[in-house]
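The values are calculated or read from the model by the stated rules, or taken from the named source; none is laboratory data. All figures in this text were calculated on a predicted structure; none of them were measured in a lab. Backbone-built Cβ (ideal geometry, glycine too); neighbour counts: all protein chains shown. Accessible surface areas use protein heavy atoms only, side chains included; no ligands, DNA or RNA. Shrake-Rupley method; radii C 1.70, N 1.55, O 1.52, S 1.80 Å.
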Amino acid sequence: FSGAGKPPMYGDYEAQRHWQEVTYNLPIRQWYFNTSDNDLLYWGLDYPPLTAYHSFLCAYIAKLINPDWIALHTSRGYESQPHKLFMRTTVFVADLLVYIPAVLLYCFSLKETSTKKKASIYALCILLYPGLILIDHGHFQYPLSLGFALWGVLCLSYEWDLLGSVAFCLALNYKQMELYHSLPFFCYLLGKCFKKGLKGKGLVLLTKIAGTVVVSFAVCWLPFCTDMAQIMQVLRRLFPIDRGLFEACMFSSPPPRLANIWCSLSVLIKIKNIVSPQTQLKLSFAVTFLSLLPTCIKLTIQPSLRGFKFALVSCALSFFLFSFQVHEKSILLVSVPVCLILNEIPFMATWFLLVSTFSMLPLLLKDGLLLPYAVTMLAFLSVCVASFSIFERTSAEDLQLKPFSLSLKGYVSWFKSFPKIVRSLFLLSVTLMGVLSLASAALPPPQRLPDLFPVSVSIISCLHFLLFLVYFNVVILWDSKNSRSQKKNS
């Protein structure tokens, strides 16, 4: 697991164990404050209240099995086979209770997966996504925020808007990174209210949703609402903006090894040295806002479930590429929504999910996960190729680019060779990822360029993600209006 036998901080496994230690042994008012019993520099809690409550629940069970696992101070860096089994079991139980049921219900409720066999194959592909398996069970984290977000999508697909709002509030109160998905949820529900009319049913729906959100947050934050100092301290822990643009990157020593635009650019331009933290914050906010604005406007004006799912992908990818304090693992917030459209654009979705896992390669190698990485990547690719026949679904229509191709008028003939070009680019991309993966694992880097392989992984992944961002925005922006004109022409 992450950081095993590597003092003084060990790794993310120890972070989860330490949060159990803190939440069980200290009163709630001390969970987020620096005290003699709670050194915030040693894996201090920096996730919202639901994460803390979940840690307390796990700690309560751990105490019943072996009190040494969560003993205050003396349990730091605790490692034993029974404890590893316990921790891995807690992740598996979280999968079984929250994430896996959401995936299964989503797949079996789709009209496109009309038979049980199709739904089962689709669910298998999603559950075999390597990135989530490797991070949850190898690097070590819990899938609850993504699971709650999936429940939110599922509820909205059944038009259970209030339940969907509650589910997403739970996701946001488990991990603040769910802000990546907040704008699509907000714009889709607001668009539905506009569609119903803000002087009638729309206003009623808007009031109900607003009330649901307020009550959900109030319940989650209730123990911290005793005084304003508590609330402000939790918020400071959740959003430590004073630490700068690169603080959340696991490999923050120069050059940063993360597949977003700022870390890739820093290889050429030392942004940290020439721009103040406050200016970094403003710059990243402006670029992120501008990149997701077209999608959000389109979703608000023309709310549709299909547009909502694509907007989840596009907005999350914009946040990952351009926002403040991104972590390698944040790409999972893009990948899980991509899993939801795997049946609609299997070729591009499979490609993206492979690249997203590849982008975390430096982190996975650091955790000793080379073999699981190779096995899960090959298994996922094999299942997707066999299940969806992805190489036969590369036409402009299969890639949802037909409306865009029609808008080009005189350039439509270029799209005749498009499937061949896309397949060639995919094979080139997979080959490049394979070669770099082998080189990163087996070859020593040149002495003059010790960061050659991780930097290459981050830059190549970033270029892929920028192209995917353009692609998803094209699909979204050319979706409905040109689709209607296309039907008329037909």
**Value of [θ]222 nm, deg cm²/dmol, for the chain, DSSP H segments ≥ 4, -39500 (n - 2.57) each, nearest 500** = -20000 deg cm²/dmol
**Fill in**
Per the charge dipole of the chain (beta-carbon charges, Lys/Arg positive, Asp/Glu negative, Cα centre), the residue among Leu150, Leu163, Ser304 reaching farthest to the positive end is Ser304
**Item:** All lysines inside 22 Å of Lys118 as judged from Cα atoms, apart from same-chain residues fewer than 8 positions distant
**Value:** Lys309
**Message:** Placing unit charges on C-beta atoms (Lys and Arg positive, Asp and Glu negative, everything else neutral), compute the dipole magnitude of the chain about its Cα centre in debye, rounded to 20.
**Reply:** 1800 debye
**Fill in**
Using the Cα gyration tensor of the stretch 364-405, the equivalent ellipsoid's semi-axes, largest first and to the nearest Å, work out to 32, 14, 5
**Asked** Excluding ligands, DNA and RNA, what is the solvent-accessible area per residue of the stretch 422-463 at a probe of 1.4 Å, expressed in Å²?
**Response** 58 Å²
**Fill in**
For the stretch 1-127, Rg(Cα) over 2.2 N^0.38 Å is 1.32
**Request:** Can you pull the one-decimal nm distance between simple spin-label points at Lys118 and Asn34, each 7 Å off the Cα toward Cβ?
**Result:** 5.8 nm
**Message:** Testing the spin-label approximation: label points 7 Å from Cα along Cα→Cβ at Cys225 and Ser276. State their distance in nm.
**Reply:** 3.7 nm
**Prompt:** Roughly to the nearest percent, how much of the accessible area of the chain is carbon and sulfur, given a 1.4 Å probe?
**Reply:** 69 percent
**Message:** Please compute the length gained on full extension between Arg306 and Leu428, using 0.36 nm multiplied by the number of residues separating them and subtracting their Cα-Cα distance.
**Reply:** 40.9 nm
**Estimated distance in nm for a label pair at Lys6 and Ser389, the labels positioned 7 Å out from Cα along Cα-to-Cβ** = 4.5 nm
